[in-house]
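Worksheet: one structure, shown below.
Only the coordinates and a few stated rules stand behind these numbers; no lab work does. The model shown is predicted, which means the values in this text are computed figures rather than measured ones. Glycine gets a Cβ as well: all are built from the backbone with ideal geometry, and neighbour counts include every protein chain shown.
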Amino acid sequence: MSSADIYREIILDYYRNPRNYGKIQNPDIAQRDSNPLCGDELEMHLNIKDDKVADVKFTGKGCAISQASASMLTELILGKDFDYVKKLNKEDILDNLGLHDLGPARIKCALLSLKVLKSGLYSYLVDKLHDTASADKIKEESSGLY
Amino acid sequence: MQTSFINIENIRNDFPILKRKVHKVKPLVYLDNAATTQKPIQVIEAISNYYLNYNSNIHRAVHELAEEATLAYEMTRDKIAKFINVKKREEIVFVRGTTEAINLVAYAWGRQNIQKDDIIVTTEYEHHSNIVPWQLLAKEKGAKLEYIGVDDNGELILDHLDTYLKTGKVKIVTFSQMSNVLGTITDSEEIIKRSKAHGARVLVDGAQSVPHLKVDLEKLGCDFFAFSAHKMLGPTGVGVLWAKKELLQEMVPFNGGGDMIREVHKYETTWNDLPYKFEAGTPNIADVIGFGAALDYLDKIGMDKVREHEMELTKYALDKLEQMKGIVLYGPKDVTKRGGVISFNLGDIHPHDLATIIDEDGIAIRSGHHCAQVLMERLDVSATSRASFYIYNTKEEVDVFIKSLNRAKELFKL
Ligand SMILES: Cc1ncc(COP(=O)(O)O)c(C=O)c1O
């Protein structure tokens, strides 16, 4: 995929003006991760109400792909229920970004946000809901993301 | 085009990889030499010649193949001694690379000589390989790790060193002779002089200096010196630890096994002579022999010429980069104070995005923290882009690079 196709207007816009950037005071879910290869960092905060994403924010440092991906993901899940979030996969994220043929090094940048979201959800399911069955499934899924 | 110092066309012809295309049609512009350099055909042939014609284990067998292999392996040791001006060949220990050399010192010398509350001094512009082994040692012993800071020009603040030395607790000072991010050439002789005056040992990381500058260990006067073959035309998996003989004699072995012993009994072993005491097991014979060919190659050009060529290229590149709007350049401006390593950031383009874009034009640069996260913190950035030169790079390649940076700016609407 050529860089003219990657760095489209919309990606640059989300990179420079990220939606839902920031932190939530006392969030129900707070999850942080980084990509050891390039040092991209991402932290996501979520509030949950009636099994729905009532609020979501992120902070981070990194390339346009990783930051735009995180910002777009927050928009995608805001107001959605758990089932929706649980089912989100790699293709959904790439579809949402309009990025398909990223090389192996850069695909990690695009998927860091989903990895953070899924690991956060996993902890929440285990700690707060004691739902280990679906938690295990998510854990397995997120470890397969990279 | 050739700079006035070396015949680039001839040199480029010796590097088969420089003829390949990337992304199908783009000529390769390889500017990631601080990470590893390309290999000339002479090195590649030396390695394959060993495997084709005299492959055998060294040192113990008496047959002809083993004798030839041993001779070739040991000849590299002599070439190294000459290359860095060392009188005693037994002071040269083959290791896997700079990282292993530093770990060897931290383990085999450090564990015997560093006690609780002692101070180990390093610098803010070290590669992780010259920080982490000392952190491990300091934790184990309850010693302290202190840092010489970096000023806004990218040079070390030697006053910090004096402050630590005055405590009388500094046992070792360890630093890179050239920063792999800023390109800064360290005032090594001054640091060594001050450290010695306070009885501290000195380790010099020569991973970036030996490939690009004339290094004279006799003159330098440090205690330990480390470098890697792969950053100077040689193969991966070979490096050198040089240390003063009396230190190597006092040190305990790092690895135990074959080759490093004199006599082994059930409960006692006596060590082999230097340097074999530190070369346990079958070494990387083929690549040591390949490294010998790399040293021959650099010797033939002459390190003075290598340095002059890189200074000219660096000046050419810096002059063009400085004019670019939105660029931030790190490290000294004066090319006599720096090597051919240029770290920068361009507007708000993240280095990974920049590297992706210019890779499309066939240009290989590095982006990220360059294994120097302590320095990244000091510069207050999470990453930089880094272009680094070697003997085969040309001014035309710098032009291609600059043009590609401009394309990146356009894509990012800067
Ligand atoms: C200054 C410096 N020190 C140490 C190293 C580590 O060298 P190696 O990976 O060959 O052990 C490098 C290379 O990346 C370096 O640039």
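Taking 7 Å along the Cα-to-C-beta vector as the label spot, tell me the B:Thr336-B:Met75 distance in nanometres, rounded to one decimal.
Between B:Thr336 and B:Met75, the simple spin-label model gives 4.0 nm.
Give me the three principal axis extents of chain A from the C-alpha atoms, as integers in angstrom, largest value leading.
Rounded to whole Å, the extents work out to 45, 29, 25 Å.
Under 4 °C and 1.567 mPa s, how fast does chain B diffuse according to Stokes-Einstein, given a Kirkwood radius computed over C-alpha pairs? Answer in µm²/s, whole number.
Here the translational diffusion coefficient equals 58 µm²/s.
Greater than 23 Å separation of Cα atoms is the criterion. Which listed pairs, B:Lys214/B:Lys403; B:Lys88/B:Lys141; B:Lys193/B:Lys219; B:Lys144/B:Lys333, meet it? All intermediate terms of the calculation are to be shown ahead of the outcome.
Numbers: B:Lys214/B:Lys403 33 Å; B:Lys88/B:Lys141 32 Å; B:Lys193/B:Lys219 11 Å; B:Lys144/B:Lys333 34 Å.
Pairs exceeding the cut-off: B:Lys214/B:Lys403; B:Lys88/B:Lys141; B:Lys144/B:Lys333.
Each label point is 7 Å from the Cα along the Cα-to-Cβ direction; what then is the distance between the points at B:Asn85 and B:Ala197, in nm?
With each label placed 7 Å out from Cα toward Cβ, I get 2.3 nm.
Relative contact order for chain B: what is it in percent, counting Cα pairs under 8 Å that are at least 6 residues apart?
Relative contact order for chain B comes out at 23 percent.
Determine by what factor the alpha-carbon radius of gyration of region B:15-62 differs from 2.2 N^0.38 Å, reporting the quotient.
1.70
If each DSSP helix of 4+ residues adds -39,500 (n - 2.57) and the sum is divided by the residues in chain B, what number results at 222 nm, nearest 500 deg cm²/dmol?
Counting only the DSSP helices, I get -11000 deg cm²/dmol.
When averaged across all projection directions, what area in nm² does the alpha-carbon convex hull of region A:38-88 cover?
Seen from a random direction, the Cα hull of region A:38-88 projects 3.5 nm² on average.
Plugging the Kirkwood radius over Cα pairs into Stokes-Einstein for region B:84-169, at a temperature of 25 °C and a viscosity of 0.890 mPa s, what D comes out in µm²/s?
170 µm²/s
Could you list log10 I(q)/I(0) for region B:178-274 at q = 0.14, 0.18, 0.24 Å⁻¹, which the Debye formula gives when each Cα is one point scatterer?
For region B:178-274, the Cα-only Debye profile gives -0.68, -0.95, -1.27.
For region A:98-142, what's the radius of gyration and Dmax over Cα atoms, in angstrom?
Considering region A:98-142 through its Cα atoms, Rg and Dmax are 13.1, 38 Å.
What shape does region B:43-83 take by its C-alpha gyration tensor, where a ≥ b ≥ c are the square roots of the eigenvalues and a/c under 1.5 counts as rounded, a/b above b/c as prolate, and the rest as oblate?
It comes out oblate by the Cα gyration axes.
Quick query: amide H of B:Asp32 versus all other amide H atoms, modeled in the peptide plane; which residues come in under 5 Å with a sequence gap of 5 or more or a different chain?
B:Ser388
Helix-only mean residue ellipticity at 222 nm, chain A, DSSP H runs n ≥ 4 weighted -39,500 (n - 2.57), per residue, nearest 500. What is it?
Helix contribution divided over all residues of chain A: -15500 deg cm²/dmol.
Treating only the Cβ atoms of Lys and Arg (+1) and Asp and Glu (-1) as charged, compute the dipole magnitude of region A:1-50 about its Cα centre; round to the nearest 20 debye.
I would put it at about 160 debye.
If you count, for every residue in B:355-363, the Cβ atoms of partner chains within 10 Å of its Cβ, what is the mean?
3
Rounded to a whole number of µm²/s, how large is the Stokes-Einstein D of region B:228-291 at 10 °C and 1.306 mPa s, given Rh as the Kirkwood radius over C-alpha pairs?
122 µm²/s
Just how large is the dipole of region B:45-299 about the Cα centre, in debye to the nearest 20, putting +1 at every Lys and Arg Cβ and -1 at every Asp and Glu Cβ?
Values: 28 positive and 37 negative charges, 146 e Å.
Roughly 700 debye, rounded to the nearest 20.
Could you bin all the Cα-Cα distances of the protein assembly as shown into 20 Å bins starting at 0 and give me the percent of pairs in each, rounded to whole numbers?
Calculated P(r), rounded to whole percents: 19, 45, 32, 4, 0.
Using the Cα centre of chain A as the reference point, and only Cβ charges (+1 on K/R, -1 on D/E), how large is the resulting charge dipole? Debye, rounded to the nearest 20.
300 debye
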